[in-house]
1. For the chain, take the longest principal axis of its alpha carbons; what is the angle in degrees between that and the long axis of helix 2-31, to the nearest 10 within 0 to 90?
2. Where does the chain land at 222 nm, in deg cm²/dmol rounded to the nearest 500, when only DSSP H runs of n ≥ 4 count, each adding -39500 (n - 2.57), divided by all residues?
3. Stretched out fully, how many nm does the piece from residue 60 to residue 2 gain, at 0.36 nm a residue minus the Cα gap?
4. Given Cα pairs under 8 Å that are at least 6 residues apart, what percent is the relative contact order of the chain?
5. Averaged per residue, what accessible surface does the chain expose to a 1.4 Å probe, in Å²?
6. Could you give the nm distance between label points at residue 32 and residue 52, where each point is 7 Å from its Cα heading toward the beta carbon?
7. Could you state, as a whole-number percent, how many of the C-alpha pairs of the chain are farther apart than 18 Å?
8. What are the ³J(HN,Hα) couplings of region 54-67, residue after residue, when phi is run through the Karplus curve with 6.51, -1.76, 1.60 and θ = phi - 60°? Round to Hz, x for glycine and proline.
Amino acid sequence: MKDKIISFIWQHFLLLLSLYVMTLGVAVCVRSQLGSSVISTIPYVMASAGGFMDAVPEWTIGTYTILMT
């Protein structure tokens, strides 16, 4: 039972770490004006629209990416 709990915690820690690294990579690519990949176009558009439209929350690209996964 203890091994299952440790495995569960370890898997979720790795999931959160990988999500953080993924969103950091997308944010760095967009900030350096290298462009964004196909997978990050929806979070990029939503983050860009957040500053201009009242109906869209003003969140970061990373927040939208995490919410989509």
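The values are calculated or read from the model by the stated rules, or taken from the named source; none is laboratory data. Here the structure is a predicted model, which is why all the values come from computation and not from measurement. FYI the Cβ positions are ideal-geometry reconstructions off the backbone, even for glycines, and counts take in every protein chain you see. Side chains included, ligands, DNA and RNA excluded: accessible areas come from the protein's heavy atoms. Shrake-Rupley method; radii C 1.70, N 1.55, O 1.52, S 1.80 Å.
1. Its long axis makes an angle of about 20 degrees.
2. Numbers: 3 runs with 48 residues, N = 69.
Mean residue ellipticity at 222 nm (helix-derived): -23000 deg cm²/dmol.
3. Numbers: separation 58, 0.36 × 58 = 20.88 nm, distance 3.76 nm.
Computed gain between residue 60 and residue 2 is 17.1 nm.
4. On the way: 39 pairs, mean separation 20.6, N = 69.
Relative contact order for the chain comes out at 30 percent.
5. On the way: 5660 Å² over 69 residues.
That works out to 82 Å² for each residue.
6. Computed distance between label sites residue 32 and residue 52 equals 2.7 nm.
7. Working: 1095 of 2346 pairs.
Percent of Cα pairs beyond 18 Å in the chain: 47.
8. Rounded to whole hertz, the list is 6, 6, 9, x, 8, 9, 7, 4, x, 5, 5, 5, 5, 5.
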